[in-house]
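The structure under discussion appears below in the form of structure tokens.
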There are 2 protein chains.
Amino acid sequence: MTPGLGHKLKEALLAIVGPEGFSEALIDMVSYSGDASEHSHRPQAAVWPRNAQEVAAILSLANQERLPVVPRGAGTGLAGAVVPVRGGLVMDLARMNRIREISLADRLVVVEPGVVFAQLQTALAPSGFSFPPDPASGKVATLGGNVATNAGGLQGAKYGVTRDYVLGLEVALADGSLMRTGSRCMKSVSGYDLTGLMVGSEGTLGVVTEITLKVVPKPPLSATASASFGDLRQAGDAIRQIMSSRFTPSVLEILDAECIKVLNRHAGQSLPEAAAMVLAEADGYTEQETDLQIRQITQAFAENDAQNIALAQSPEEAQQFWAARKAIGGTLFSLNNTMLAEDVTVPLSKVTDMLVGIGETARRNGVLIATLGHLGDGNLHPNLIIDGRDPDQLARAHRAAAELFALAVELGGTLTGEHGIGLAKASFMPLEHDETAMRMMRQIKRTFDPHDILNPGKMGL
Amino acid sequence: MTPGLGHKLKEALLAIVGPEGFSEALIDMVSYSGDASEHSHRPQAAVWPRNAQEVAAILSLANQERLPVVPRGAGTGLAGAVVPVRGGLVMDLARMNRIREISLADRLVVVEPGVVFAQLQTALAPSGFSFPPDPASGKVATLGGNVATNAGGLQGAKYGVTRDYVLGLEVALADGSLMRTGSRCMKSVSGYDLTGLMVGSEGTLGVVTEITLKVVPKPPLSATASASFGDLRQAGDAIRQIMSSRFTPSVLEILDAECIKVLNRHAGQSLPEAAAMVLAEADGYTEQETDLQIRQITQAFAENDAQNIALAQSPEEAQQFWAARKAIGGTLFSLNNTMLAEDVTVPLSKVTDMLVGIGETARRNGVLIATLGHLGDGNLHPNLIIDGRDPDQLARAHRAAAELFALAVELGGTLTGEHGIGLAKASFMPLEHDETAMRMMRQIKRTFDPHDILNPGKMGL
């Protein structure tokens, strides 16, 4: 049982956010104890600030009182990054949810951190512009969360990740100062990249109170192809051939044999059973452009012994191709009570080795691992699906995950391509980063947050 | 007269780099006193390390002895960033000039910092891949310098700047530690973005000893158009229309009336005299794609009263269009003995206001300003051309530059889009950055370099 806040501290918080902006109710503490990962810990109180000044005032107070503050959005994270492991305050930024400006003339939008990804995409849709990094949780996830985790998505290979689109931020620091970083310009080399440093820092360096995002026109046409492979190595080789060709697919996804089985059994699909299914999209402004690209892709499929190579003949058919991919996340989650959604990323030429290694790891540890992945950027999601109430299964799953991290790093890869370090991978940071890099990250953390109040206990720092 | 190093220090440096890697000769001290800006100060000695271990050993020694170290590449910078204002050592990284690896399968190259930009492009050319940020000085400038300044170029609007391509670094820190940042992966959210922090830090946080760069396939086809405008506002409006359309030109350049005059008089061109000439390029994989885009662009020209709208009918004709743009840099430099090559950047919708303001500033201060610019990212280069031996002209030029900085910031812009802060803009940093941002940048500097030995006196920190 987590103790409540002291009377004086509670009064001071109430003076900042008012009674409608504060809670110690058990139901709220339970709601704010976790995210979409297996991790959980209750905070002592929750606050819902309405503007940057309230955020800054809360941080200033918390800094004096050495009270942990965990900023959060919708809690869709998969790494436990918003779990308040040391109690303290959860700061839910949901009420700061206004799109302040859409300026197509400047190719930018200015949003508050609580704006939901889908809310922005809907607002932008009529213009043909978009903010491309589209996390699978985009219907729920907030842009503040996207910034805090440097969220990626399906279009990463061609269109990059969140950091590539953040032009500027307003950030409340631990001592209650407000800081502006970046600008409304498409580029700047004025001073250190404070914007980039904040992006992906998981709320450990400051609380983002305003985001200026670059938006880009989306080519209106696309072509979609799919194929299945009898062998993971053939799929990996096809992908290598595509990525070392002169084209960059706008989307290039893989579903492994386990995913295919699960979709056929539990999501009403009738996909050909195979070692892997690969889905590719190429975009452009003319049919000739998308056609030329997608034919290069299907040729790479054919040259690597793919079966069931299919080219969508209409946008409707393309939607059918993507239905399987869209269904997989939820279907996997529903298979059992616990899923470790992993997120290793490897250099493009090592995708095959990683896919094969995932299969071996699953067999060695007796854990069901269903893998999907964004192949254009080497980001694989091995999902370890277990009954988490069984300590033996849980132990085997954690051992398997640790082996996957070690393999990814051995292949020149990284622990996480888009989910973040949070709690889940905190202890693995030294596996990937050398002592000097770890030391400099810790020193940066101390520079911004000397009393360790901002989302403490995360990222292995 | 700068004093030499003490005997003991010299012996210690010689023990690290050998006699062929060390100099105190006057000719070398003069050569290393400046860059392509007006700033100049002699170092006490120069070193040419051959590998990361030598770089680290030099820094460790310098850190103990509190000796300033200024890392440099080819010295093509325009902001005085490599001028050793506090004496000490210049560390020329020219001998670390190997391309260590080209892996198209991984879409990356691994290079030493002294590799010249053009050397990499030549090595990549047969593959159809490239590292897109192409500074005008690319035939001479080194990739280490590109990273230190986060160099841009003509393709920025569509293909981004150097930071967008740096996947990982090896960096020697002030205390002689070697640190690896990033990885060989296309994306990672593992820890703070130390890579991005190093890029653009102008040698003030560490010395880059190895660079892993993403490379991308270049679409093989392009279409080129040009037009002239009788009024800067019409040019600005055309650009706004293009950039808020659904297309992103691969290049979009402007030359103002002064540039056009100078080219006609001194570079054998016969361009129509006008307020501005705009050059645009669209790229793609098919003719239909480039054609569709370039017609959108020429339509925007026509709807904003452009004259002399021309579409290149062949690659050779396109080359002729670009000849004027390519000749302008050198021609402007040759007009007088001093040129302040400025580099303000504004939000896309403010390009017109900035262009008009530059003209007013030139008239008000009686200074010749010839402006070119990369319009796709709002980056304008007002070049102030003067006889720098005349104190009055120099004073007026510096006043005009200060007015341009103030105007850019007032328009939501930045002091520098791609040249960097260095010495030239150091004192203007607080104009753009708030007190908290300045404080955090200074604290980051102190965290990485507590004794201020790394390129001290730069960036206003």
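The criterion of being more than 8 Å from chain A (Cβ to nearest Cβ), under 16 Å from the mean Cα position of the chain (by Cα) and at negative phi holds for B:Val140. Just a yes or no: is a residue in the stretch A:264-278 closer than 30 Å to B:Pro347 by Cα and among the charged types (D, E, K, R)? No, that holds for no residue. A count restricted to the stretch B:299-311 and to residues that are surrounded by fewer than 20 Cβ atoms within 10 Å (Cβ to Cβ) and not in a strand (DSSP E or B) stands at 4. When B:Leu154, B:Leu124, B:Leu167 are checked against the criterion of being under 18 Å from B:Val216 (Cα atoms) and touching a Cys at 6+ places or on another chain (Cβ under 9 Å), B:Leu167 stands alone in meeting it. Restricting attention to the stretch B:185-203, the residues being under 19 Å from A:Thr414 (Cα atoms) and either aromatic (Phe, Trp, Tyr) or more than 7 Å from chain A (Cβ to nearest Cβ) (or both) number 2.
Scanning the stretch A:433-461 for residues that are under 23 Å from A:Met339 (Cβ atoms), facing chain B (nearest Cβ under 10 Å) and surrounded by 24 or more Cβ atoms within 10 Å (Cβ to Cβ) yields a single hit, A:Met459.
Being assigned to a strand (DSSP E or B) and in the same structural domain as B:Gly206 (by TED's automatic domain parsing) is a property that does not hold for B:Val70. So, in the stretch B:164-184, exactly how many residues are at the interface with chain A (Cβ under 7 Å from one of its Cβ atoms), crowded, with 24+ Cβ neighbours inside 10 Å and out of contact with any Pro (no Cβ under 6 Å at 6 or more places or on another chain)? So the answer is 2.
Condition check ((1) of a type outside the set (S, T, N, Q); (2) on the phi > 0 side of the Ramachandran plot; (3) more than 14 Å from chain A (Cβ to nearest Cβ)) across all residues:
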site	(1), (2), (3)
B:Asp237	yes, no, no
B:Glu258	yes, no, yes
B:Val262	yes, no, yes
B:Gln269	no, no, yes
B:Ala274	yes, no, yes
B:Ala280	yes, no, yes
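Any chance the stretch A:366-374 includes a residue that's farther than 25 Å from A:Lys326 by Cα and either surrounded by fewer than 24 Cβ atoms within 10 Å (Cβ to Cβ) or under 18 Å from the mean Cα position of the chain (by Cα) (or both)? For the stretch A:366-374, residues farther than 25 Å from A:Lys326 by Cα and either surrounded by fewer than 24 Cβ atoms within 10 Å (Cβ to Cβ) or under 18 Å from the mean Cα position of the chain (by Cα) (or both): present. Just to be sure before I move on: is A:Arg42 farther than 26 Å from A:Gly457 by Cα, away from chain B (no Cβ under 14 Å) and basic (Lys, Arg) in the structure I sent? No.
Those residues that are in contact with a Gly (Cβ under 8 Å, 6 or more places away or on another chain) and not in a loop (DSSP other than H, G, I, E, B), I need them from the stretch A:15-57; list them, please. Passing the criteria: A:Gly34, A:Ser40, A:Ala45, A:Val47, A:Glu54, A:Ala56, A:Ala57. Against the test of being without any contact (Cβ under 8 Å) to a residue 60 or more places away in the chain, among the β-branched types (Val, Ile, Thr), touching a strand residue (DSSP E or B) at 6+ places or on another chain (Cβ under 9 Å) and not assigned by TED's automatic domain parsing to the domain that holds A:Leu252, the options A:Thr212, A:Thr162, A:Thr142 yield a single qualifying residue, A:Thr162.
Within the stretch B:88-115, how many residues are surrounded by 22 or more Cβ atoms within 10 Å (Cβ to Cβ), more than 14 Å from chain A (Cβ to nearest Cβ) and at negative phi?
Taking the stretch B:88-115 and keeping what is surrounded by 22 or more Cβ atoms within 10 Å (Cβ to Cβ), we get B:88-93, B:96, B:106-109, B:111-115.
From the residues that got through so far, the ones that are more than 14 Å from chain A (Cβ to nearest Cβ) too are B:88-93, B:96, B:111-115.
Adding the requirement that they be at negative phi leaves B:89-93, B:96, B:111-115.
Counting residues in the stretch B:88-115 that are surrounded by 22 or more Cβ atoms within 10 Å (Cβ to Cβ), more than 14 Å from chain A (Cβ to nearest Cβ) and at negative phi gives 11.
If you go through the stretch A:333-349 and keep only what is assigned to a loop (DSSP other than H, G, I, E, B) and away from chain B (no Cβ under 14 Å), you end up with A:Ser334, A:Leu335, A:Asn336, A:Asn337.
B:Leu124 fulfils the conditions (1) in contact with a strand residue (DSSP E or B) (Cβ under 7 Å, 6 or more places away or on another chain); (2) within 11 Å of another protein chain (Cβ to nearest Cβ) except for a single criterion, (2). Answer yes or no as to whether A:Gly4 is touching a residue at least 12 places away in the same chain (Cβ under 8 Å), surrounded by 18 or more Cβ atoms within 10 Å (Cβ to Cβ) and of a type in the set (Gly, Ala, Ser). Against the criterion (touching a residue at least 12 places away in the same chain (Cβ under 8 Å), surrounded by 18 or more Cβ atoms within 10 Å (Cβ to Cβ) and of a type in the set (Gly, Ala, Ser)), A:Gly4 does not qualify.
Starting from residues that are of a type in the set (A, V, I, L, M) and within 29 Å of A:Asp390 (Cα to Cα), keep the ones in the stretch A:23-65 and report whichever is nearest to the chain's Cα centre (by Cα). Out of the qualifying residues, it is A:Ala36.
Residues of the stretch A:377-398 include none that is touching a His at 6+ places or on another chain (Cβ under 6 Å), buried (at least 22 other Cβ atoms within 10 Å of the Cβ) and within 13 Å of chain B (Cβ to nearest Cβ). Against the numbered list (1) under 24 Å from B:Glu54 (Cβ atoms); (2) assigned to a helix (DSSP H, G or I), B:Leu124 comes up short only at (1).
Tallying residues that are of a type in the set (Gly, Ala, Ser) and surrounded by fewer than 22 Cβ atoms within 10 Å (Cβ to Cβ) within the stretch A:201-237 yields 2.
Listed conditions (1) more than 29 Å from A:Ala408 (Cβ to Cβ); (2) surrounded by fewer than 18 Cβ atoms within 10 Å (Cβ to Cβ); (3) touching a Gly at 6+ places or on another chain (Cβ under 8 Å) are all met by A:Gly284, apart from (2).
For the condition in contact with a Pro (Cβ under 6 Å, 6 or more places away or on another chain) and either of a type outside the set (Ser, Thr, Tyr) or at pLDDT 95 or above (or both), what is the one hit in B:Glu317, B:Glu342?
B:Glu342
Here A:Gly206, A:Gly284 are screened, and the one residue that is within 11 Å of another protein chain (Cβ to nearest Cβ), within 23 Å of the chain's Cα centre (by Cα) and not aromatic (Phe, Trp, Tyr) is A:Gly206.
Just to be sure, is A:Ala312 more than 24 Å from the chain's Cα centre (by Cα) and within 22 Å of A:Ile421 (Cα to Cα)? It is false that A:Ala312 is more than 24 Å from the chain's Cα centre (by Cα) and within 22 Å of A:Ile421 (Cα to Cα). The set of residues in the stretch B:238-274 that are of a type in the set (Asp, Glu) and either in contact (Cβ under 8 Å) with a residue 60 or more places away in the chain or part of a helix (DSSP H, G or I) (or both) comprises B:Glu253, B:Asp256, B:Glu258. Modelled with pLDDT of 95 or more and buried (at least 22 other Cβ atoms within 10 Å of the Cβ): which single residue out of A:Ala57, A:Ala25, A:Ala81 fits that description? Going through A:Ala57, A:Ala25, A:Ala81 in turn, just one is modelled with pLDDT of 95 or more and buried (at least 22 other Cβ atoms within 10 Å of the Cβ): A:Ala81. Here is a check on your reading of the model: is A:Thr290 assigned to a helix (DSSP H, G or I) and crowded, with 21+ Cβ neighbours inside 10 Å? Here the answer is yes, as A:Thr290 does meet what is asked.
Against the list (1) closer than 22 Å to A:Leu394 by Cβ; (2) touching a residue at least 60 places away in the same chain (Cβ under 8 Å), the condition A:Met339 fails is (2).
The values are calculated or read from the model by the stated rules, or taken from the named source; none is laboratory data. This one's a predicted model, so the numbers in the text were calculated from it and none came from an experiment. Neighbour counts run over all protein chains shown; Cβ positions are idealised from the backbone, glycine included.
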